[in-house]
1. Would you mind pulling out the separation of the Cα centroids of region B:32-87 and region A:33-97, in Å?
2. For B:GLU97 and B:LYS71, FRET efficiency with R0 = 51 Å and r from the beta-carbon atoms, rounded to 0.05?
3. Provide the net charge surrounding B:ILE84, with neighbours chosen by a C-beta distance below 11 Å and charges set as Lys +1, Arg +1, Asp -1, Glu -1.
4. Given 5 Å bins starting at zero, what is the percent of C-alpha pairs of chain B in each, up to the one with the largest pair distance?
5. Top to bottom by accessible area (1.4 Å), largest first, where do A:SER18, A:SER31 land?
6. Check each of the chymotrypsin sites (Phe, Trp or Tyr not before Pro) in region A:51-92 and keep only those in coil by DSSP with at most 16 other C-beta atoms within 10 angstrom; list them in order.
7. Would you check chain A for Lys pairs whose C-alpha atoms are within less than 16 Å, ignoring same-chain pairs closer than 8 in sequence, and give me the count?
8. Ignoring ligands, DNA and RNA, how much accessible area is buried between chains B and A, both sides summed, with a 1.4 Å probe, to the nearest 100 Å²?
Amino acid sequence: MKKTINLLAVCGSGTVSSTMVAEKAQEYIESLGFNVQAEELNPQQASERIPSGDYDLVVFTSPIPGTYDIPIINATGLLTGIGEEDVFEKIKEAITE
Amino acid sequence: MIFSEKLIIDNASVQTKDELFNLAAKKLSELKMINNSYLPALQRREKSFPTGLQTKTIGVAIPHCDPINIKKDGILVVRLNKPIPFQQMGSSDTEVEVKIVFFICSTGAQQQLQNLRELIAMFQDDSFLKEVYQSKDLFDALSLWKGK
């Protein structure tokens, strides 16, 4: 039984670039042998929902106000291709630690 | 084809982001693509959620705002004769020297996602983006994009 990672992707609108980074992050996490449950929100919604404990990992293209005790990863590199490997490396560290 | 010959401003000699946004809004308004609410919405949005992106070749930006401000879908492409600094997307302290600006106008989230997907694929194609930037005719160069 594969472990499921609850992924939250965050961008300014909560619909567009978050969907793109969610797709890329999801594909990568699945390639590591996990299931993924992905959701997208804007930064304000995210700051309200993250403390609920519903998510294991957050990727963002718009910073989220506040500090949290789960990994929050800047995933803008998944849009530009620059630093894409770094983003994947951070995601991997976050879910395999 | 996501680009249109009407939606091109080449060799724009604007000095600031404000001038650039005014120029874009004027053009989009002439083409009846936006509502009056577009310019302030665009400025507000860019301030809260910056859209500069440093690709492997050049700096680009993709200013956009909520579909509620848009009447017709399209992407206005502006090539600047002098780069303008934008904040990097996802950051509050990194600047990008932007040379080409893609104003994404979308009437709905689905269209916005499609446009963005297409542009991002283009940005990741280093040689294509470089050719676009160095081209004599901006629209001719863009129209060679086959999509992903």
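The values are calculated or read from the model by the stated rules, or taken from the named source; none is laboratory data. Since the model is a prediction, treat every value here as computed from it, not as a measurement. All Cβ positions, glycine included, derive from the backbone under ideal geometry; neighbour counts span all protein chains shown. All accessible areas refer to the heavy atoms of the entire protein, side chains included, with ligands and DNA or RNA removed. Shrake-Rupley method; radii C 1.70, N 1.55, O 1.52, S 1.80 Å.
1. 25
2. On the way: r = 32 Å, r/R0 = 0.63.
Working from the Cβ atoms, E equals 0.95.
3. Details: positive: B:LYS17, B:LYS82, B:LYS99; negative: B:ASP18, B:GLU19, B:GLU95, B:GLU97.
For residues surrounding B:ILE84, the net value is -1.
4. For chain B, the binned pair fractions read 2, 10, 21, 25, 23, 15, 5, 0 percent.
5. Putting A:SER18, A:SER31 in descending order of accessible area: A:SER31, A:SER18.
6. Working: sites: A:TYR55, A:PHE60, A:TYR68, A:PHE88; in loops: A:TYR55, A:TYR68.
For chymotrypsin sites (Phe, Trp or Tyr not before Pro) across region A:51-92 that sit outside H, G, I, E and B with at most 16 neighbouring Cβ atoms in 10 Å, the list reads A:TYR68.
7. 4
8. That pair of chains buries around 1600 Å² in total.
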